[in-house]
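Novice: Sharing a structure, written as structure tokens. Questions coming.
The numbers here are math on the coordinates, done by the rules we state, and not lab data. The structure presented is a predicted model; accordingly, all values stated were derived computationally and were not measured. Methodologically, a virtual Cβ is constructed for each residue, glycine included, from the backbone with ideal geometry; neighbour enumeration extends over all protein chains shown.
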Amino acid sequence: MQKCLFVITAILLLCITCKSPAPPPAPEESPVAALQFERIQADSINHIELHYRFKAENPRSRPINIEIKNWQGLLNGIGFDKSSAALHLDGANVEGTYISAAPGTSVEKSLVLYLDMRNMPSNYGLMSEDEYLAQLNISLDYRYANDTPLQGAVSVSAAFPRIREPQFTITSIAIMQAELINTRFKVSLRIDNPNIFPVALSSFGYELYGEGRFWADGEEREVLYIPAQSSSETNLFLMMNFINMKRQLLDDVLAMRLVRYRFTGEVEVGTGVSWLPSFHMGFDRNGNSVVLK
């Protein structure tokens, strides 16, 4: 009997010692986020908006808060000052913003990067660039209740052409017909297009001054096309009226060989760029021009 008990006890001990240990719990999946560029839009050549879609997945059985800790912007590889830009989520600055996701769900949010291009080229050595590559980097903290936050990051780039204003230069002023009351003259105007795409000028209104005095004004409604990174010349025909001017001005104009001019006005510029179909541009140019007779 004792021998039987000993055998049973030994078998039980053997079974206990042969039993496999319980496997460790499987590690929880980590949250995942992505940033996607969607579109670009602008209300002028100086104010550019880059629109993004932020996506995050919460694979765990607990809710998560995703904090946007910080962001960095680069233009052609050069970091730019945040005084020239702002990143918004739901109309507010994103830094310190929390995005929540329920257990086992995903969440999407729209982000907008506002760029003020007026200071970018001069401050960051981009004057010679024809295209921009804007990179957006965002640092994240994934927070599950009181757990230590998990760190993450997302990044995406977007390319767009630089938009430059056309430049105007008067190459000559020719007196066509000189009369006591009216004098007709032709202004030869060169228009330089520094952009990598053609532009079209319309609604072209201007005023011409010579030696600091108003000479004439005019408006061109015919569309002017200027090829990419090229120039075109056009002629403006103006009438100088001396009814309200001193006779001496006509004598001065007829005697001139060279005039210091000021050419000012406004023009609408069509770019053919889908996100910026056209923009209004004011101009104010000074220079010297020969006077032909």
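Novice: Taking 8 Å as the Cα distance limit and 6 or more residues as the minimum spacing, I'd like the relative contact order of the range 186-233 as a percentage.
Specialist: Values: 80 pairs, mean separation 24.5, N = 48.
Computed over the range 186-233, the figure is 51 percent.
Novice: Another question about this same structure. In Å and from the alpha-carbon atoms only, list the Rg and Dmax of the range 26-121.
Specialist: My reading of the Cα-based Rg and Dmax gives 15.8, 54 Å.
Novice: Can you sort Y209, Y261 from fewest to most other Cβ atoms within 10 Å of each residue's own Cβ? Walk me through the numbers on the way to the answer.
Specialist: Values: Y209 17, Y261 20.
Final ranking by Cβ density, sparse to dense: Y209, Y261.
Novice: State the Kirkwood hydrodynamic radius of the range 102-201 in Å, one decimal place, computed from all pairs of distinct Cα atoms.
Specialist: Details: mean 1/r = 0.0504 Å⁻¹.
Hydrodynamic radius (Kirkwood, Cα only) of the range 102-201 equals 19.9 Å.
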